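The values are calculated or read from the model by the stated rules, or taken from the named source; none is laboratory data. What you see is a predicted model; the values in this text were computed from it and never measured. Counting neighbours? That spans all protein chains shown, and the Cβs are built from the backbone with ideal geometry, glycine included.
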Amino acid sequence: MDANGEELAPAVRSILAAARERSGGEERVSVDARSFEDALAAAESDGRVPVIAEVKPTSPTTDGRRDDDPVALASAMVEGGAAALSVLTEPAHFGGSPESLARIRAAVDVPVLRKDFILTEAQLDLVESDLVLLIARFVDDLSGLVSAAEDRGFQPLVEVHTRAELDRAVEAGADLIGVNNRDLGKLEVDLGTFESIAPHVPDDVTLIAESGVGSAADVRRMRSAGADALLIGSAIMDGDVTANVRRFTTA
């Protein structure tokens, strides 16, 4: 069960159990982050839909695994017009690693989000990135972790799935909020989740639609509902990543 006492899908329970066992880095990191807001503005001024393209070798909700060099994939995504990148660092269930993120960040000039199940402050110190994902559903002291991330120079992206989680994120001072259309309890996707939550997000928050975007029509739907940017993973990783990113950024 999660912090709210709600039942979780077996795959998510396994991910969280592994996350609780992972330690952080040996030294506190200090990040000179690339501005995510500037990256979004640059995409908009260039006529592109701001897309965070995700380097995700595998996941519990996809079949198979993609073993291309992560740096080559990331570079191809930037070539396609990605405003930023999301890189999995969770090893056991998503095939990610801190090493891959470090190599990718050194090779590209766009902001890089570290996507993982971060539960403690020490786990922030594993690798430098520009943004770091904090999932409200699984973090007990959200305001404390947001502050700890900001103190290190990270731009924290707080992920929510419900109105209650949105309220927690706002109270914690988050100015980057992602609405995950995937229910991590059941692993089911519903784009209506974003549409139901977006109207309640404060105007000064940068809002990102996460999960479930698989077509140009989905992009337009999320943008119409208020998405400032979209985080897209599986639909980009399946096939020619440059062409896939371009398809979404020009939707």
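For VAL179, which of the numbered conditions (1) touching a strand residue (DSSP E or B) at 6+ places or on another chain (Cβ under 9 Å); (2) surrounded by fewer than 16 Cβ atoms within 10 Å (Cβ to Cβ); (3) not charged (D, E, K, R) fails to hold?
Here VAL179 clears every test but (2).
Which one of the conditions (1) outside any loop (DSSP other than H, G, I, E, B); (2) surrounded by fewer than 17 Cβ atoms within 10 Å (Cβ to Cβ) does ASP203 fail to meet, given that it meets all the rest?
All conditions are met except number (1).
Please determine, by comparing only the residues of region 1-18 that are among the hydrophobic types (A, V, I, L, M, F, W, C) and modelled with pLDDT under 65, which one is nearest to the chain's Cα centre (by Cα).
Among residues in region 1-18 that are among the hydrophobic types (A, V, I, L, M, F, W, C) and modelled with pLDDT under 65, the one nearest to the chain's Cα centre (by Cα) is ALA3.
Output the number of residues of region 206-227 satisfying the condition of being more than 22 Å from VAL241 (Cβ to Cβ) and either over 16 Å from the mean Cα position of the chain (by Cα) or among the charged types (D, E, K, R) (or both).
So the count comes out to 4.
Does ALA102 satisfy the condition of being hydrophobic (A, V, I, L, M, F, W, C), surrounded by fewer than 24 Cβ atoms within 10 Å (Cβ to Cβ) and closer than 19 Å to VAL31 by Cα?
yes
Within region 217-240, track down each residue that is part of a helix (DSSP H, G or I) and at pLDDT 95 or above.
Listed by number, the residues that qualify are ALA217, ASP218, VAL219, ARG220, ARG221, MET222, ARG223, SER224.
I'm trying to understand the selection: among the residues of region 63-121, which are of a type in the set (S, T, N, Q) and in contact with a Pro (Cβ under 7 Å, 6 or more places away or on another chain)?
Answer for region 63-121, where residues must be of a type in the set (S, T, N, Q) and in contact with a Pro (Cβ under 7 Å, 6 or more places away or on another chain): THR89, SER97, SER100.
Condition check ((1) closer than 20 Å to ILE232 by Cβ; (2) basic (Lys, Arg); (3) modelled with pLDDT of 95 or more) across all residues:
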site	(1), (2), (3)
HIS93	yes, no, no
SER97	no, no, no
LEU124	no, no, yes
VAL132	yes, no, yes
LEU145	no, no, yes
GLU150	no, no, yes
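Can you pull out every residue in region 19-46 that is modelled with pLDDT of 95 or more, surrounded by fewer than 13 Cβ atoms within 10 Å (Cβ to Cβ), within 20 Å of the chain's Cα centre (by Cα) and assigned to a helix (DSSP H, G or I)?
Within region 19-46, just ASP38 meets the criteria.
Does any residue in region 23-52 that is within 21 Å of GLU210 (Cβ to Cβ) come within less than 8 Å, Cβ to Cβ, of a residue that is loosely packed, with under 11 Cβ neighbours inside 10 Å six or more places away or on a different chain, and which pairs are these?
Between residues of region 23-52 that are within 21 Å of GLU210 (Cβ to Cβ) and residues that are loosely packed, with under 11 Cβ neighbours inside 10 Å, the close pairs are ARG34/ASP109.
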